[in-house]
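The values are calculated or read from the model by the stated rules, or taken from the named source; none is laboratory data. Remember, predicted model here, so these are calculated numbers, not experimental data. Virtual Cβ from ideal backbone geometry, glycine too; neighbours counted across all protein chains shown. Each accessible area value is taken on the protein alone, full model and side chains, heavy atoms only, with ligands, DNA and RNA left out. Shrake-Rupley method; radii C 1.70, N 1.55, O 1.52, S 1.80 Å.
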Amino acid sequence: MTSQPATAPAPRLSAFQVLACGAAIVTLSMGVRHGFGLWLQPITQDQGWTRENFAFALAIQNLSWGLFGIFAGMAADRFGAFRVLLVGAVLYALGLAGMALSPTPLTFALTAGVLIGAAQAGTTYAVIYGVIGRQIPAEKRSWAMGVAAAAGSFGQFLMVPIEGWLISSFGWQEALLVLGAAVLLIMPLALFLREPGFVGGVAPKREQTIVQALREAFKYRSFQLLMAGYFVCGFQVVFIGVHMPSYLKDNGLSPQVASYALALIGLFNVIGTYAAGALGQRFPKRYILSFIYIARAVAISVFLIVPLSPASVYVFAAVMGVLWLSTVPPTNAVVAQIFGVAHLSMLGGFVFFSHQIGSFMGVWLGGVLYDQTGSYDIVWYISIALGVFAALINLPVRESPITRGPQRMGAAA
């Protein structure tokens, strides 16, 4: 008798191909996004709008990114990342062009907010991490996610000074149009992320339906805690990223200080995100996350206490840079570790939606409270308190794979 041959595993893309192309896409998409704070004063002054008008549009952008991220994740899990990336690139270009040409705060909110948010959902972490989860072996997954997150940070370091130069050299509208053309480079890069398991738009066979996967995740306490912690991450980083340039200028520092500070955040976060991903292969990820959040609270507190100067800004930017997106690799790696990779983009999208609700609150409250009080102090204090809260709630997260019985999809932790 001859035995039946074992089913061959689905072919995988090379790790180098996944990381090189995925990192390039994240570099471009996140690099453009991180510079939006540089447009706050040029746009509001030229258009005669308030800071709240601008902040509200970017708050909508963060909500849109989070909401559409769920559906982009579902689509990527079902059809593969390639198609989602193509749509995202086109939306990004249209959104940047619309942002440049919007005549009213409403159209600005629709383009800079809704359209660009949807574009970011299809061109950033949830989609790229889905590819990494499916194509990179589990023993290297946290490290690989750290590499992709580091690329997003390098994008900030690379792109923010370029964006500042474009604004000063050509004007804010022309700068946005140039960036709109640049993001279309995502489309040829996406060609190299066509996953062999998604032939003819058919997803590999999965043990769970979408409804089963969602029911399982949302009943699981550790998933709830991760979502709560990610809310804090979004609140802190988007408030700082959007409002710090204006905070520094209000206190008499030149716009160049803000540009260099944002670039330093990106540069040092290359180190922080890579280190977080690498350490996640060796240490419990919940401890890494708790340390990041408490360290942010301490860094903000010290920044507010010491006299403000270019030197203090650069030190703060470097420290915050190490902590900036370093929550991303361990958070997503824990989700993959608990639930597997079949629905990773979708579940990552839901976790990220919580992040974006926090982002909405951070950027919007920054604008509202500044207009009401003439100061950002209250939002700085909220950021400190939330950092302590997030450090505490990540400690009880359980990282072991969920146990699934034949009749039910797992018990709550």
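At full extension, Ser254 and Arg194 could sit 17.1 nm farther apart than now, given 0.36 nm per residue minus the alpha carbon distance. Compared with the direct C-alpha span, the chain from Gln47 to Val211 gains 54.4 nm at full extension, assuming 0.36 nm per residue. Taken per residue, the accessible surface of the chain reaches 39 Å², heavy atoms only and a 1.4 Å probe. Taking every lysine pair in the chain that is 8 or more places apart or spans two chains, those with Cα atoms closer than 26 Å amount to 4.
Between the Cα long axis of helix 210-219 and the first principal axis of the chain there is an angle of about 70°, rounded to the nearest 10.
Provide the FRET efficiency to the nearest 0.05 for the Glu139-Tyr381 pair, computing r from the beta carbons and using R0 = 51 Å.
Plugging the Cβ-Cβ distance into 1/(1 + (r/R0)^6) gives 0.75.
Extension gain for the segment Ser14 to Leu185, taken as residue separation times 0.36 nm less the Cα-Cα distance, is 59.4 nm to one decimal. Segment 56-120 and segment 245-290 have Cα centres lying 24 Å from one another. For a paramagnetic label modelled at 7 Å from the Cα of Met74 toward its Cβ, which residues of segment 327-358 fall within the zone defined by backbone nitrogen distances under 12 Å? Under cut-off, by backbone N: 346-347, 350. Each Lys or Arg adds one and each Asp or Glu subtracts one; over the other residues with Cβ under 10 Å from the Cβ of Pro330, this totals +1. Per atom type, the chain shows carbon and sulfur on 69% of its accessible surface, probed at 1.4 Å. Against the chain, whose longest principal axis is taken from its Cα atoms, helix 328-339 shows a tilt of about 30°. With respect to the chain, whose longest principal axis is taken over its alpha-carbon atoms, helix 81-101 is tilted by about 10°. Here the Karplus relation 6.51 cos²θ - 1.76 cosθ + 1.60, evaluated at θ = phi - 60°, turns the backbone of segment 374-388 into coupling constants of x, 8, 9, 4, 4, 6, 4, 5, 4, 4, 5, 4, 5, x, 5 Hz, with x for every Gly and Pro. Between Glu399 and Ala278, the distance separating the two model label sites (each 7 Å from Cα on the Cα→Cβ line) works out to 1.7 nm.
Residues within the reach of a label modelled at Ser169 (point 7 angstrom out along Cα to beta-carbon, backbone nitrogen below 12 Å), restricted to segment 70-108: there are none.
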